[in-house]
Each structure stands twice: as structure tokens, then as C-alpha cells.
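Every read-out reported here was derived from the displayed coordinates using simple, explicitly stated rules and does not represent laboratory data. Since the model is a prediction, treat every value here as computed from it, not as a measurement. Note that we place each Cβ from the backbone using ideal geometry, even for glycine, and neighbour counts take in every protein chain shown.
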Amino acid sequence: MCKIIIENLIKIFTNSVAAVLPANLIKKSLKYNSEVLNVCGHEYNLKDKQLYVIGFGKAVKNMAIEIENMLDSKIKQGIVSVPIESLEHDESKRKILYIEGARNNLPDLLAENTSRKVKSLITSLTKDDILLVLISGGGSALLPLPKSPITLYEKTSVIKMLGNAGADIKELNSVRKRISDLKGGKLAIESQPAHVVSLILSDIVGDPLDLIASGPTVENKDVSDEALKVIQKYELFTKIPESVKHVLQSSELIQPFPDNNVKNYIIGSNKICVEASIKEIKLIGYTPIVLSHTITGNVKQVAQDYLKITQMFCDYCDEHIDLNCLKNKLNGLNLPNINEFTVLSTDVENGICLVLSGETTVQVKGNGVGGRNQQLALEFSILLNENRHKLNKFSIYFLSAGTDGIDGPTDAAGALGYLNLVLDAEKENLDVQSCVDNNDSYTFYKMFQNGAFHVITGHTNTNVMDIHLLFIKRNSK
């Protein structure tokens, strides 16, 4: 194994995460000077205006603190809903009220009560007020106010039924918006006639504004009976509570969406993280190639796709295929949004670092401890081992890690895999395949090489999905 490559891949990952830390994103996106607030190039005159701040999500605490540091004298009031155990220091003396809730990222009464406070604040605003709305992943659970007469328990039970029935994210979102009091653009409508400015940290592939925290400041373009059709599609109508039936079947009277008074800005996303990784890869001296921002699917299939990609780039580095052939082969894979790139043969001598990002899934069959990134690193290492006779001319290393610093119910962000991992594990009497079968990737990496291949960052207080780095270099002849 090559220690310097491992260190470099971890360095690339940590520096890419730093680019999407909430405080850094606020500093980059907001500027304040002489009563004028500049948000992503758009100016808002704060003279004779009252400024209010609300927020909900895993990353909004540090966003709010940075905004308060910048705009303290202008802020009239604020309420931010953050996860349990987010508040390490006493924040009670600040103008913005920080309230914890949504234990284990699940809607609860604490978050519901905070949502009521948020609604009370926004419905009191006037045309002379500006409302800054901070939104990040986890925001849906931290703003769970159900539409009357539905209770929070009834609302969450319906969403759980749909999830268990196989509903996708868009279907879940349609129902969630319909039976919620602030989602699906209703927060923006309730805030009128104030000016609404949303700062959004995206944690969803493709950055769909209406799906991030269920789009509280985004116009809901669903047809009126769309949520009801989703319930009927999964044959759940007879199983849902009467209160939910009542809401789904009643006419929803919603005011026109105030387009001219609402602006949504994505200030942080996976793409920003990837751009930062490219800069670091170039500084190290590798050739960066971004293949896709939208990797999804089960880790078993993703690992197989990554093996094919590895074989293609090894053939290219070995001059068995030319650039056009490589591109054609890549386009033949069932990977979304394969990016165009240009590489010359002279560029690959120091190694290629492929960058892919998105969010995979794991089908859990065992009772071990792990996460999708650690599982993917092991799955990929097994496939490399099975094909090592074709690949042994190359150094191949792979990093898969979550930008939030937490992979599953573990303290690891992810892990690294490589060509000879399976063989090296056998020397320590560790069975990689059994760990994969038991979904016990965390235990494996904790034991293997004394944890040297674990990626440990701790909570990063941000989340723009996962980063995958695949390093390929032909060994010296």
C-alpha cells in the first residue's frame, strides 16, 4: 500500500468539505456594507427595514451564527430549529433563538412546537420586513407542522406507510407538502407581505428546490389531487387516519404564490464540493476528471459500475484504447450525467483521480454496524481483488465518504478501499466477504490495519451528500 496516496485522498476529501462548511458559505455568499446586504450578487437595502431570521436543518446553526456575527445590529428577531445535541455552547444571549428537536432525524413534539413559534413569527411580518430563511438537509424533520386537524403522529405514520410501500422521494414529498402547514411554499405565503430571501444548502441529487426540506419557500406546482393519487396508488386510503383523508379530499384554498417577493439561493451544493476537490487534486499533481455529480443506486451495482470504469481507464493508461474509445465506453454505462472531459496521454503519468458524487443506498440483510460509504469501499475492493490479475500493473485506491462526517450509525465519515485490501485482510484473519454480507463494514475497518483506512472527521455540520475519489496510476515498468 502507498501511504502518501491514502493521505492525499483524505486531504482532497477534507478540503472539499471545508468549501461547503456553513460559515464559509455564508461569508462567500453574503456581503454587508452601508445598509446594503448583497446576497449572491443581488442587493437588498436594509435601511428602514426590520430583519428577521428563521432556519431549520442540520447545517443551519452555523449559518445563523455567521449571519448574526455579520448582521447583529440589523436583526430584530430569529428562531432556528436544529438537531438534538447541536448546541455545544450557551446561545441564550444571542438575538436568534436556537431550539433543538427532531431526535434521530425524526419529527417530534419539540420540533413541532418550534414550528409553531416560526409560524407565529412569520405571520406577524409586514411589508417593511425582510425574512432570511436558512434551509439545509434535515429541515423537513425540523419543520414538521401538520395541517389541522392532523396530528404529528398521524402525519409521520402516513409518511412511514408510504416509505414502507416503496414510494419514491417525489411521491413522499407530494403527500408531505399536502398535509403540512408550512411546506410546499406555504411558509413563503404565510410570510407575506414581507420580502423572503432563502439561503439553501442542498443535500439532494440535482438540487431540486421543491424537494430540499420539502420546499417551504418554493411554489408547489402539484395538481390538487396529486397527493391523494399517491395514497391510492399504494392502496393505503383505507389505512390512513380520518383526519388525513379529510385534508386530502378537501379543496385547498391557497393564495397565489408571491414570486416577486420570494428569492431562493442555493449557496452550497455537491458541485461546490467537487470544484474544491478539483483544485486540491491539481495542487497535489494528479489529473482530475469529474465523471458525475448524480451517482445513485445500490452500492453493489455502483461498485460494479466503478469496476468497469476502472478497467476502462486502466486500458486507456496502458494505451490499449484511445480517448474517443474511452468516452464511448463510458457513455455505454448506465451512469447518469457522465461529464465531458479531455485528457491527454501525457497527463496520466502522475495518476488520474476520478471524482464522482451523489448518494447510494444499501440493502441491509445482516445485523452488523456500517454505512453506505464503508460498504461501498468494501464491495469495490472485493471486485478489484477478483480482477487483480488484469489490474496488477496499476495502483488503485478508492475513497468513499459522506460530507456530513457521519456514515450510518457510526463515528466514521467513510473508508478507503484498494486493489490488495482483501489479500492484506486475510493476513490479519479478516474475512471481507462475511463483513459485507453482514453489513458489518464499520467493524471491519476498525480492526483492519488498526483503523488506518477509516475516514474520521467527526460531525462537519454540513451535508452535500457523498464524495467518491478513484485514484488510478500505472506502476513503473
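So if I restrict to the alpha-carbon atoms in the range 6-128, what is the Rg, and what is Dmax, the biggest pairwise distance, in Å?
16.5, 55
For Lys93, list the lysines whose Cα falls under 18 Å from its own Cα; do not include residues on the same chain fewer than 8 positions away.
Lys61, Lys74, Lys76
Based on the alpha-carbon gyration tensor of the range 171-320 and its eigenvalue square roots a ≥ b ≥ c, which shape applies: rounded if a/c is under 1.5, prolate if not and a/b is larger than b/c, or oblate? Don't jump to the answer; show the numbers that get you there.
On the way: a/c = 4.49, a/b = 1.76, b/c = 2.55.
Oblate.
On C-alpha positions alone, give me the angle between the axis of helix 152-165 and the longest principal axis of the chain, in degrees, nearest 10.
With rounding to tens, the tilt is 30 degrees.
Tally Lys/Arg at +1 and Asp/Glu at -1 over every other residue whose Cβ is under 9 Å from the Cβ of Ser140; what's the total?
Details: positive: Arg176, Lys183; negative: none.
Summing Lys/Arg as +1 and Asp/Glu as -1 gives +2.
Which of Glu242, Glu275 has the fewest other C-beta atoms within 10 Å, and how do the rest follow up to the most?
Numbers: Glu242 10, Glu275 15.
Ordered by Cβ neighbours within 10 Å, fewest first: Glu242, Glu275.
Give the shape of the chain as rounded, prolate or oblate, defined through the alpha-carbon gyration tensor: a ≥ b ≥ c are the square roots of its eigenvalues, a/c under 1.5 means rounded, and otherwise the shape is prolate if a/b is larger than b/c and oblate if not. Mind showing how you got there, number by number?
Details: a/c = 2.05, a/b = 1.62, b/c = 1.26.
Verdict is prolate for the chain.
When a/c reaches 1.5 or more, the comparison of a/b and b/c decides; with that in mind, is the range 340-477 rounded, prolate or oblate per its Cα gyration tensor?
On the way: a/c = 2.05, a/b = 1.26, b/c = 1.63.
Oblate.
What order do you get for 8-19, 376-387 when each peptide is scored by the mean count of other beta carbon atoms within 10 Å, highest first? Walk me through the numbers on the way to the answer.
Numbers: 8-19: 21.1, 376-387: 23.3.
Highest mean packing first, the order is 376-387, 8-19.
Looking at the chain, send over the antiparallel percent of its DSSP beta bridges, to the nearest 5.
Counting only bridges with both partners in the chain, antiparallel ones make up about 45 percent.
Dipole of the chain (Lys/Arg Cβ +1, Asp/Glu Cβ -1, origin at the Cα centre): which of Ser86, Ser243, Phe444 lies farthest to the positive side?
Value computed over the given set: Ser243.
Please report, in debye to the nearest 20, how large the charge dipole of the range 21-268 is about its Cα centre when each Lys and Arg carries +1 at its beta carbon and each Asp and Glu carries -1 there.
Details: 32 positive and 31 negative charges, 26 e Å.
The dipole of the range 21-268 has a size of about 120 debye.
Roughly speaking, what is the centre-to-centre gap between the range 202-228 and the range 145-186 when only Cα atoms are used, to the nearest Å?
Going from one Cα centre to the other spans 12 Å.
Could you tell me what fraction of 2.2 N^0.38 Å the Cα radius of gyration of the range 71-123 comes to, as a two-decimal ratio? Kindly include the intermediate steps, with their values, before the conclusion.
Details: Rg = 11.9 Å, N = 53, 2.2 N^0.38 = 9.9 Å.
My calculation over the Cα atoms of the range 71-123 gives 1.19.
Considering only Leu132, Thr114, Ile382, whose Cα is most displaced toward the positive end of the charge dipole of the chain, charges sitting on Cβ of Lys, Arg (+1) and Asp, Glu (-1)?
Farthest along the dipole direction, towards plus: Leu132.
Determine the alpha carbon to alpha carbon distance for each of Lys327/Lys427; Lys119/Lys245; Lys117/Lys155; Lys127/Lys245; Lys49/Lys183 and list only those over 29 Å. Intermediate results must be reported in sequence, preceding the final value.
Working: Lys327/Lys427 39 Å; Lys119/Lys245 24 Å; Lys117/Lys155 19 Å; Lys127/Lys245 36 Å; Lys49/Lys183 26 Å.
In this structure, Lys327/Lys427; Lys127/Lys245 lie more than 29 Å apart at Cα.
Which FRET efficiency value, to the nearest 0.05, is calculated for Asp90 and Lys390 with the Förster distance at 60 angstrom and r the Cβ-Cβ distance?
Details: r = 59 Å, r/R0 = 0.98.
About 0.50, to the nearest 0.05.
How big is the dipole moment of the range 349-407 about its Cα centre under a simple scheme where the beta carbon of each Lys and Arg is +1, that of each Asp and Glu is -1, and everything else is neutral? Debye, nearest 20, please. Don't jump to the answer; show the numbers that get you there.
On the way: 5 positive and 6 negative charges, 57 e Å.
Rounded to the nearest 20 debye, it is 280 debye.
Rank-order 402-411, 243-252, 211-220, 356-365 by packing density, defined as the average count of other C-beta atoms within 10 Å over each peptide's residues, highest first.
Details: 402-411: 20.7, 243-252: 16.0, 211-220: 25.6, 356-365: 17.6.
Ranking the peptides 402-411, 243-252, 211-220, 356-365 by packing returns 211-220, 402-411, 356-365, 243-252.
Determine the gain in length on full extension of the stretch Asn38-Lys160; use 0.36 nm per residue of separation and subtract their C-alpha separation, reporting nm with one decimal. Present the calculation step by step, with values, prior to reporting the outcome.
Working: separation 122, 0.36 × 122 = 43.92 nm, distance 4.09 nm.
Answer, rounded to one decimal: 39.8 nm.
Please work out the Cα convex hull volume for the range 21-268 and give it in Å³ per residue.
Values: hull volume 29.4 nm³, N = 248.
So the per-residue Cα hull volume is 118 Å³.
Could you calculate the FRET efficiency of Ser148 with Thr361 from 1/(1 + (r/R0)^6), where r is the beta carbon distance between them and R0 is 35 Å, rounded to 0.05?
Values: r = 35 Å, r/R0 = 1.00.
The pair Ser148/Thr361 has a calculated efficiency of 0.50.
Where does helix 372-386 land angle-wise versus the long Cα axis of the chain, in degrees 0 to 90, nearest 10?
20
Given R₀ = 60 Å, what would the calculated FRET efficiency be for Asp225 paired with Ser476, taking r from the Cβ atoms and rounding to 0.05? Can you show the working numbers first?
On the way: r = 66 Å, r/R0 = 1.10.
Approximately 0.35, to the nearest 0.05.
What ranking of Leu187, Leu419 emerges when the number of other C-beta atoms within 10 Å of each C-beta is taken as an exposure proxy, fewest first? Don't jump to the answer; show the numbers that get you there.
Numbers: Leu187 31, Leu419 22.
Final ranking by Cβ density, sparse to dense: Leu419, Leu187.
What's the ranking of 130-142, 456-468 by average number of surrounding C-beta atoms within 10 Å, highest first? All intermediate terms of the calculation are to be shown ahead of the outcome.
Values: 130-142: 26.3, 456-468: 22.1.
Averaged packing, sorted descending, gives the order 130-142, 456-468.
Between 0 and 90 degrees, rounded to the nearest ten: what's the tilt of helix 60-71 against the longest Cα principal axis of the chain?
Value to nearest ten degrees: 60.
Which distance in nm do the two modelled labels at Ser120 and Glu235 give, with both placed 7 Å along the Cα-to-Cβ direction?
4.6
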